[in-house]
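Have a look at the structure below, then the notes.
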Amino acid sequence: MSATDHPLLNAVRSRLKGTQPPPLPPVLDMPTARGGVDAFCQALEAVEGQVHRVKSSEDGLLILRGLAADRSWNAIACSDAAALSSWRDSVGLACHVHGLRDPIPRSELLEMDVGLCTAQLGIAETGTLVLCSESERHRLVSLVPPASVIVLFARDLVPDLASALRQLQTQALPTTTSFITGPSRTADIELTLTVGVHGPRSVDVILIEG
Amino acid sequence: MTPGEPIVDLDARNFGDRSQEALADDSLRGALDKVTTEFANRRQRALAQAPDWETWREQARAIKAHTLASLDSYLLQFVERAEERGLQVHFAEDREEACSIVSAIAKQTEASRVVKSKSMVTEEIGLNEHLLSQGMEPVETDLGEWIIQLAGEKPSHIIAPAIHKTRQEVGRLFSEELGIPESHDVEELTNVARRFLRARFADADLGVSGVNFLVAETGSFLVLENEGNARLCMSLPKVHIAVTGIEKVIPRLADLDVFLRLLPRSGTGQALTTYQTLFTGPKLAPGDEGPEELHLVLLDNGRSKQLSTPLEREALACIRCGACLNVCPVYKQVGGHSYGSVYPGPIGAVITPALAGQDCAGNLPHVSSLCGACRDVCPVKIDLPELLLDLRERGTEAGWGERWGFAAWSRIAARPRLAGFLGRVLTRTVRLGQSSGALSRMVGKLLPPLGVWNDKRSLPQMPKHSFRQEWKGGLDKQEPPT
Amino acid sequence: MKVSLFVSCLVDTIAPQVGVATVQVLRRAGCTVVFDARQTCCGQPAFNAGHKDEACRVARGVLDSLGSTNEPIIVPSGSCAAMLARLPSLFEVGEDHERALSVANRTREFSQFLVQDLNLMDLGARWPGKTTWHDACHTLRELGVRDEPRQLLSHVRDLELVEAQGCDTCCGFGGTFAIKHADVSVAMSDWKIRHIEEAGVAAVLSSDVSCLLQLGGRLDALGSKVKALHLAEVLNSR
């Protein structure tokens, strides 16, 4: 049965018979938020994310190595992003790539300390990272390990969500578009905020401005 | 389960008993007061940073008004676009059908270990009970939902389902149910949830989620959350089934912007929740990440009944933020369980009669003082008090005593001289009753509403003369005072 | 200026002193007050309980007594003023609709009239004591009246006005709700009364007798010394 003839739609249609829908308003032209790196950093830090600003990919790698040492990471799960290929051998700890032909087995992924990937876009107003499923295999790497390190290029920063959506719509939408704003959190017990629940407990963004 | 049967465990009719229980529970009332005040304050603080709030509200209201009035064409568009991208869309006219669809998919994919993220709709259809009856054990993974699942309770709030539980109660619950030492530290308790549920995520073969928005233009659906459990439910198992009401559709991808500005601020005072995940079809290649199968169930279950008039359609605009609960002075006193519905508070009072029928929930629209605080905070400008009035008028709640009372009263009040006379008789009678306790009780028996009033509230001394007597008695001619 | 008084059924039968005070304040403000004794009730109790026909039967009396005059209709009750504003949607056709529109357009809540129409805030009143204002729901949310009573009270000599937490939270009356769900209704009052007591006031003031009956009735039953008074009574004090 095609959707058009389904009883559910018929029920909806019959209830709406004779209705004159009011017009659909045009998309709101919001004043563009103060974009830029400073805004991004402020927004993400406000939700317990951390941003490390660097001028080059090489400097970004240094940051990563520093974090790994500070936090005693042993094993890192890395996405298959091309931009990270030069990092994978120089990280200084066991680096497992979640590639298409050799994905990290689930049981191993669950034991890793940290996941590393890149973001396709960043949203300055809210400190949000946008991950597109077909660009990179980072869906699980950005979710399962308790620590998350995400590399963002400053040139991929857009001012607000509206801009991000417009940009996404210039092509076919990814099958899964993940918007990530800081580490996971909950206030379900007595409204007391706890950072780090099921998703990562920490989010470190290495923001490359070169 | 038969169509038209109440929402699982619905006993809205028992509001009286349940609210009595709630009022006697000091711990619950302390928690409710604290939580509703805190949520309302957080919302206020978020709004202080949002000078365009009213513009956003009006935009959202207008989008919903248009979309709901043309819901058939938007649903069609959604289904067409979604199916073009490979999403498997199922229609369910009622809760029974929705449950059957989910368990059929589970059987067909040989999935039996189910993890669930927070979804009011799945509570509405009684999915957990149904899956249990089919030999599956669904595990709730949202912290608040997991807590109440362990406790065998229903959610008491749309956003924070376990908000009625203190940390001590949660600690005790975990200790009893999980066999661990009792802790009252919130961070520790949260870590317990993380530890215990990680294994469930890992070995689940079916993930069930709700949906926050359906986008007609692209055939996408959006799920938002803070904890990350939804992402895990939707990413690790081989099958993902999302269940949603048909009213969740919005026309354009760009419209997500205004709704995502309104919803988190209204619900929890956040500018944005930690995660939003937009799904546009299942993965493209077998080796790609994510589930093998992606399904969406579109549920009616009485929603289409609310499409007939513009006023009723407003109720379908609800984006489930919970703001109305947080400001409702009735909810603050009695909490969510008193309403006996999956949807409590002002919005619950308005939609439950449509979803569950007048017989089960016709009393809920009367559980309100019509103060209007809910209307002020609703991000999509639902005129809740007007809807409550409309439901009261169309309902058949009034017993013969009330109907007789108003019929008589209205005929008296339509006759000024008779009304004046009987008004004086009434106040004289009450005045007489006020001269002694025994007489007061007699008068209270004669006029039951008076008896109810006098139980906990005094009445002022009844005047000797009514205003109109004062007026005729000289007030009309009195000189203007200096 | 000539004004017509719609006094409300509660004021007429139970709290005539509020009506008397309203008249005297209006006269002091330079108004000539007319009272058409054919008025009884605005119909709100029936309307809110879902009995529209009964409400209309009663509200027709408002059309008869006030529908064909020209002067402002002053109402010492925000909920009744809000109901009068609603009359055009209850009487939708013909002459009734015309009269309903006329009533709705001329209806002014008491404090709204003094401050907005007469531009008057100082009525020469004196009421020594610490007070707090309770924002009645209809007055606040349907009429948008929040500042006017406070402005009037700020000019009352020796009166101290403080804000209590939850001043704009419902008192729990809600018409038949007060009887149908009496325990919840009283719990709502108790919540407010805790904050009123915290404010350490001698009186809680409001624009609506229904709220004052509820709060005053519960305060008295609890043995509290806090009084519940109508704005007009305070503005009429010397």
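Surrounded by fewer than 16 Cβ atoms within 10 Å (Cβ to Cβ) and either of a type in the set (A, V, I, L, M, F, W, C) or more than 30 Å from B:Ile246 (Cα to Cα) (or both): is that true of A:Asp29 in this structure? No, not satisfied.
Being in contact (Cβ under 8 Å) with a residue 12 or more places away in the chain and either more than 7 Å from every other protein chain (Cβ to nearest Cβ) or not small (Gly, Ala, Ser) (or both) is a description that does not apply to A:Thr192. Note on segment A:115-161: among residues that are part of a helix (DSSP H, G or I) and in contact (Cβ under 8 Å) with a residue 12 or more places away in the chain, the one that is farthest from A:Leu100 (Cα to Cα) is A:Leu161. Reported count of residues in segment B:129-146, each being closer than 20 Å to B:Pro344 by Cβ and free of Cβ contacts under 8 Å to residues at least 40 places away in the same chain, is 3. When the residues of segment B:376-411 are filtered to those that are of a type in the set (Asp, Glu) and under 23 Å from C:Cys41 (Cα atoms), which remaining residue is nearest to the other protein chains (Cβ to nearest Cβ)? Ranking the candidates gives B:Glu393 first.
Residue under question is B:Arg431, and the condition is that it be surrounded by 15 or more Cβ atoms within 10 Å (Cβ to Cβ), free of Cβ contacts under 8 Å to residues at least 60 places away in the same chain and not hydrophobic (A, V, I, L, M, F, W, C); does it hold? Yes, satisfied. I'm told B:Val35 meets every condition in (1) more than 26 Å from B:Arg167 (Cα to Cα); (2) within 12 Å of chain A (Cβ to nearest Cβ); (3) under 25 Å from the mean Cα position of the chain (by Cα) except one. Can you identify the failing condition by its number? Unmet condition: (1). Please find, within segment A:19-41, the residue that is farthest from the other protein chains (Cβ to nearest Cβ) out of those that are within 21 Å of the chain's Cα centre (by Cα) and part of a loop (DSSP other than H, G, I, E, B). It comes out as A:Gly36. Among the residues of segment C:75-133, those identified as among the β-branched types (Val, Ile, Thr) and more than 24 Å from C:Thr32 (Cβ to Cβ) are C:Val93, C:Thr131, C:Thr132. The residues listed here are C:Arg146, C:Arg218; of these, the one that is more than 10 Å from chain B (Cβ to nearest Cβ), farther than 19 Å from C:Asn48 by Cβ and in contact with an Asp or Glu (Cβ under 9 Å, 6 or more places away or on another chain) is C:Arg146. So for segment A:129-143 (the condition being β-branched (Val, Ile, Thr) and either surrounded by fewer than 24 Cβ atoms within 10 Å (Cβ to Cβ) or facing chain B (nearest Cβ under 8 Å) (or both)), does at least one residue qualify? No; the residues of segment A:129-143 include none that is β-branched (Val, Ile, Thr) and either surrounded by fewer than 24 Cβ atoms within 10 Å (Cβ to Cβ) or facing chain B (nearest Cβ under 8 Å) (or both).
One line per residue, one yes/no per condition, for (1) assigned by TED's automatic domain parsing to the domain that holds C:Ile74; (2) among the polar types (S, T, N, Q); (3) in contact with a Cys (Cβ under 8 Å, 6 or more places away or on another chain):
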site	(1), (2), (3)
C:Val145	no, no, no
C:Phe173	no, no, yes
C:Ala182	no, no, no
C:Ser185	no, yes, no
C:Ser207	no, yes, no
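Considering only residues in segment B:299-314 that are assigned to a loop (DSSP other than H, G, I, E, B) and within 7 Å of chain A (Cβ to nearest Cβ), the one that is farthest from the chain's Cα centre (by Cα) turns out to be B:Ser308.
Restricting to segment C:164-192, name every residue that is at negative phi, more than 18 Å from the chain's Cα centre (by Cα), assigned to a loop (DSSP other than H, G, I, E, B) and more than 7 Å from chain B (Cβ to nearest Cβ). Scanning segment C:164-192 gives C:Ala164, C:Gln165.
Please enumerate the residues belonging to segment C:1-53 that are among the charged types (D, E, K, R) and more than 7 Å from chain B (Cβ to nearest Cβ).
C:Lys2, C:Asp36, C:Asp53
Inside segment B:372-482, counting only helices (runs of 4 or more DSSP H) that do not spill past its ends, which hold 2 or more residues that are of a type outside the set (S, T, N, Q) and at pLDDT 90 or above?
Output list reads B:373-377, B:384-394, B:400-413, B:416-433, B:448-456, B:467-470.
With the condition kept exactly as written, say whether any residue in segment C:54-72 is farther than 30 Å from B:Glu479 by Cβ, crowded, with 22+ Cβ neighbours inside 10 Å and within 18 Å of the chain's Cα centre (by Cα). Yes, that holds for at least one residue.
In this structure, A:Ser148 qualifies as under 22 Å from B:Phe201 (Cα atoms) and not basic (Lys, Arg).
Elements of the type strands (runs of 3 or more DSSP E) sitting completely within segment B:192-298 and holding at least 2 residues that are β-branched (Val, Ile, Thr) and under 30 Å from B:Ala40 (Cα atoms): these cover B:239-245.
Of the residues making up segment A:42-63, those that are within 13 Å of chain B (Cβ to nearest Cβ), not in a helix (DSSP H, G or I) and not β-branched (Val, Ile, Thr) are A:Ala46, A:Glu48, A:Gly49.
Is segment C:90-99 home to any residue that is surrounded by 19 or more Cβ atoms within 10 Å (Cβ to Cβ), among the aromatic types (Phe, Trp, Tyr), outside the structural domain of C:Cys211 (by TED's automatic domain parsing) and assigned to a helix (DSSP H, G or I)? Scanning segment C:90-99 turns up no residue that is surrounded by 19 or more Cβ atoms within 10 Å (Cβ to Cβ), among the aromatic types (Phe, Trp, Tyr), outside the structural domain of C:Cys211 (by TED's automatic domain parsing) and assigned to a helix (DSSP H, G or I).
Kindly indicate which of A:Pro26, A:Pro21, A:Pro31 is without any contact (Cβ under 8 Å) to a residue 12 or more places away in the chain and touching a helix residue (DSSP H, G or I) at 6+ places or on another chain (Cβ under 9 Å).
Exactly one of A:Pro26, A:Pro21, A:Pro31 is without any contact (Cβ under 8 Å) to a residue 12 or more places away in the chain and touching a helix residue (DSSP H, G or I) at 6+ places or on another chain (Cβ under 9 Å), namely A:Pro21.
Could we say that B:Val452 is more than 10 Å from chain C (Cβ to nearest Cβ), within 41 Å of the chain's Cα centre (by Cα) and more than 27 Å from C:Ala21 (Cβ to Cβ) here? So B:Val452 does not fit the description; no. Among the residues of segment A:180-210, those identified as closer than 21 Å to B:Leu143 by Cα, out of contact with any Gly (no Cβ under 6 Å at 6 or more places or on another chain) and not in a loop (DSSP other than H, G, I, E, B) are A:Ile180, A:Arg185, A:Thr186, A:Thr194, A:Val195, A:Ser202. Taking the stated definitions as given, is B:His184 in contact (Cβ under 8 Å) with a residue 12 or more places away in the chain, assigned by TED's automatic domain parsing to the domain that holds B:Ala22, in a loop (DSSP other than H, G, I, E, B) and buried (at least 22 other Cβ atoms within 10 Å of the Cβ)? So B:His184 does not fit the description; no. Among the residues of segment B:111-120, is any assigned to a helix (DSSP H, G or I), touching a residue at least 24 places away in the same chain (Cβ under 8 Å) and within 20 Å of B:Gly267 (Cα to Cα)? Yes, there is a match, as at least one residue in segment B:111-120 is assigned to a helix (DSSP H, G or I), touching a residue at least 24 places away in the same chain (Cβ under 8 Å) and within 20 Å of B:Gly267 (Cα to Cα).
Here's the yes/no breakdown for (1) touching a residue at least 12 places away in the same chain (Cβ under 8 Å); (2) aliphatic (A, V, I, L, M); (3) touching a Leu at 6+ places or on another chain (Cβ under 7 Å):
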residue: C:Leu5; (1), (2), (3): yes, yes, no
residue: C:Cys9; (1), (2), (3): yes, no, no
residue: C:Ala15; (1), (2), (3): yes, yes, no
residue: C:Val33; (1), (2), (3): yes, yes, yes
residue: C:Asp36; (1), (2), (3): yes, no, yes
residue: C:Gln39; (1), (2), (3): yes, no, yes
residue: C:Cys42; (1), (2), (3): yes, no, yes
residue: C:Phe47; (1), (2), (3): yes, no, no
residue: C:Asp53; (1), (2), (3): no, no, no
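The values are calculated or read from the model by the stated rules, or taken from the named source; none is laboratory data. In this text the structure is predicted, and so the values were computed from the model without any measurement. Quick reminder, even Gly has a Cβ in these numbers, built from the backbone with ideal geometry, and neighbours come from all protein chains shown.
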